[in-house]
1. Of the residues B:Leu6, B:Leu48, B:Leu66, only one is at the interface with another protein chain (Cβ under 10 Å from one of its Cβ atoms), outside any loop (DSSP other than H, G, I, E, B) and without any contact (Cβ under 8 Å) to a residue 60 or more places away in the chain; which?
2. Out of the residues in the stretch B:25-45 that are over 13 Å from the mean Cα position of the chain (by Cα) and touching a residue at least 12 places away in the same chain (Cβ under 8 Å), which is farthest from the other protein chains (Cβ to nearest Cβ)?
3. A:Val13 passes all but one of (1) open to solvent by 10 Å² or more (accessible area, probe 1.4 Å); (2) within 14 Å of chain B (Cβ to nearest Cβ); which number fails?
4. Hey, can you tell me all the residues within the stretch A:29-82 that are touching a Ser or Thr at 6+ places or on another chain (Cβ under 8 Å), more than 16 Å from ligand 2 (Cβ to nearest atom) and among the hydroxyl-bearing types (Ser, Thr, Tyr)?
5. Can you name every residue in the stretch A:114-145 that is among the aliphatic types (A, V, I, L, M), open to solvent by less than 80 Å² (accessible area, probe 1.4 Å), within 13 Å of ligand 1 (Cβ to nearest atom) and in a helix (DSSP H, G or I)?
6. Taking the conditions exactly as written (in contact (Cβ under 8 Å) with a residue 60 or more places away in the chain, open to solvent by less than 80 Å² (accessible area, probe 1.4 Å) and more than 14 Å from chain B (Cβ to nearest Cβ)), does A:Ile85 satisfy them or not?
7. Taking A:Met1 as meeting all but one of (1) under 24 Å from B:Met1 (Cβ atoms); (2) at pLDDT 95 or above, write down the number of the exception.
8. Do the conditions hold for A:Ser109, that is, is it among the hydroxyl-bearing types (Ser, Thr, Tyr), in contact with a helix residue (DSSP H, G or I) (Cβ under 7 Å, 6 or more places away or on another chain) and modelled with pLDDT of 95 or more?
Amino acid sequence: MKDIARQSMSIKVESMDLLNGQIKIEAHASATYLAMASWCEQNGFFTSAKFFFKQAEEEREHMMKIFNFLVDTGGNPISPEVTNINHDYSSIVDVFESTLEHEVKVTKSIHNIVNEARKGGDIVTERFLDWFVMEQVEEENTVRDILDMIEVTGTEGVGLQMIDNQVAKWID
Amino acid sequence: MSLCQLLSLRHKVMNIAIEDHFHGDLNAHGFEVLLLCNKKHLFILNTLEILDLKNLIDQSFISMGLSAKTEAVIQ
Ligand SMILES: [Fe+2]
Ligand SMILES: [Fe+2]
């Protein structure tokens, strides 16, 4: 029975649980960015809205990457319930500050799964997460660059519209 | 029972809010209904049976070598 089970599943159940948790987090990130896109559209920050629409799509891709990994490893991927999406922001600066905060949380969560996988000797999960570790470095960096740009531009007068226009640089 | 069905049972059992059994209103009678193996079986279990089942499932995954845990979990 032991070998049969191992032949049908190539990761540990604890890793599977954590990865199902991460599926939920990525889905939550996707929904949060969609809410931010909505806020940007309604407040006249159309370039930033485009940026967040794209982010929302990327987060869904992250989610599907993990989902498919659980399929490939014989696990039980769970379609996530997404609740508690914030739609209230005080300014475009608030939106990007919340984005960085959110990405840092995601990074911590991924590092935690890597550490747990390592402890449990689950090499497959650990290696699978390599891509996510590097992706998070890039995502955090993008938002940090945008926040730096906001700082330099300033929010006085036409500053806000200039900020929005410059966000285009980070949409590719 | 296939491993997929066992994983799905594990998910259902893990999602049971056992604390609700000790709360007068949330789960007044302390029963859980479980549908297993693509709805082939239906089980009605009480609090102690759920706790036993949780333990049994935990131990099963350990003995199959699919858990990072190695020692027996608390009874
Ligand atoms: Fe992500
Ligand atoms: Fe992200």
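The values are calculated or read from the model by the stated rules, or taken from the named source; none is laboratory data. Everything quoted here is computed from the prediction, not taken from an experiment. With ideal geometry, Cβ positions are generated from the backbone for all residues, glycine too; neighbour counts draw on all protein chains shown. Surface accessibility is based on the protein's heavy atoms, side chains included, excluding ligands, DNA and RNA. Shrake-Rupley method; radii C 1.70, N 1.55, O 1.52, S 1.80 Å.
1. B:Leu6
2. Among residues in the stretch B:25-45 that are over 13 Å from the mean Cα position of the chain (by Cα) and touching a residue at least 12 places away in the same chain (Cβ under 8 Å), the one farthest from the other protein chains (Cβ to nearest Cβ) is B:Gly30.
3. The failed condition is (1).
4. Hit for the stretch A:29-82 is A:Thr73, nothing else.
5. Scanning the stretch A:114-145 gives A:Val133, A:Val143.
6. No: the conditions fail for A:Ile85.
7. Condition not satisfied by A:Met1: (2).
8. On the way: among the hydroxyl-bearing types (Ser, Thr, Tyr): yes; in contact with a helix residue (DSSP H, G or I) (Cβ under 7 Å, 6 or more places away or on another chain): yes; modelled with pLDDT of 95 or more: yes.
The answer is yes for A:Ser109.
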